[in-house]
Amino acid sequence: MFTLPDLPYDFSALEPIVDARTMEIHHGKHHAAYVANLNNAVEQAGAEVAGAPLEILLSGLGRVPEAQRAAVRNNGGGHWNHSLFWRLMCKHGDAGLSADLASAIQRDLGGLDALREAFGKAALTRFGSGWAWLVVDKGTLRVTSTANQDNPLMDDGGLPILALDVWEHAYYLQYQNRRAEYIESWWKVVNWSEVSRLYQTTV
């Protein structure tokens, strides 16, 4: 059985960038629903997927019975994506960008400002609901985006180390249709220590 992880901070910890009510609904309603629906799908799928780690299910969706595949993709992706997303933010942000990651960002993307521009564009131009990602793909940093609750694990697109949720439920109570403002503000709560730690696991 998959479980809803606790937030690593209070609902109000990310204010004024992300309001407490949004965090409460996002975590306690949306993420919780993904977990419940994923468990239901895995139970229906039976022994073929029972006990498999979520990363294995998402990177090998072809092994999931067809009747449950879409539910595992959508809800398993939602669970995995959000479990990562919560860890990538912290109160007042964090200045813990490691020298190794900073060097890789300069090498592969042209520096931190260029990363922010490319990542912001990926988030802003994702039509409808989805995610923006910074991934390590065969040793190289790359910015990409996915629709709905898909993630790069599903198509061998690299290991995500930074993610931004651009579903409307992530920002609409506070920002309404101003997705660009949400994206720009979000950089103020990025937990660079965690991003750097994830990067170190890939090199």
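Using per-residue counts of other Cβ atoms within 10 Å, averaged over each peptide, order 66-75, 159-168, 92-101 from highest down.
Most protected by this proxy first, the peptides run 159-168, 66-75, 92-101.
Quick one: order S196, S103 by neighbouring beta-carbon count within 10 Å, fewest to most.
S103, S196
Assign one of three labels to segment 48-182, namely rounded, prolate or oblate, based on the Cα gyration tensor with a ≥ b ≥ c the square roots of its eigenvalues; rounded applies when a/c is under 1.5, prolate when it is not and a/b is larger than b/c, and oblate otherwise.
Oblate, because a/c is 1.5 or more while a/b does not exceed b/c.
Give me L54, L38 ranked fewest to most by other Cβ atoms within 10 Å of their Cβ, as a rough exposure proxy.
The fewest-first ordering by Cβ neighbours comes to L54, L38.
Could you give the dipole magnitude of segment 22-161 about its Cα centre, charging the beta-carbon of Lys and Arg +1 and that of Asp and Glu -1, in debye to the nearest 20?
In total the dipole reaches around 220 debye.
With θ taken as phi - 60° and the coefficients 6.51, -1.76 and 1.60, list the Karplus ³J(HN,Hα) couplings across segment 3-14 in order, rounded to whole Hz; mark glycine and proline as x.
Result, rounded to whole Hz: 10, 6, x, 5, 5, x, 7, 5, 3, 8, 5, 9.
From the phi of every residue in segment 122-128, what ³J(HN,Hα) in whole Hz does the Karplus formula 6.51 cos²θ - 1.76 cosθ + 1.60 yield, where θ is phi - 60° and glycine or proline is x?
Computed from phi, the couplings for segment 122-128 are 4, 6, 6, 8, 5, 6, x Hz.
Computed FRET efficiency, Cβ-Cβ of A114 and A33, R0 30 Å: what is it to the nearest 0.05?
0.25
Given only helices, namely DSSP H runs of n ≥ 4 each adding -39500 (n - 2.57), what is the per-residue ellipticity at 222 nm of the chain, to the nearest 500 deg cm²/dmol?
That calculation yields -12000 deg cm²/dmol at 222 nm.
Throughout, read-outs are computed from the coordinates displayed, never taken from laboratory work. Note that the structure is a prediction, hence the values are computed from the model and not measured. In this analysis, Cβ positions are derived from the backbone assuming ideal geometry, glycine residues included, and neighbour counts consider all displayed protein chains.
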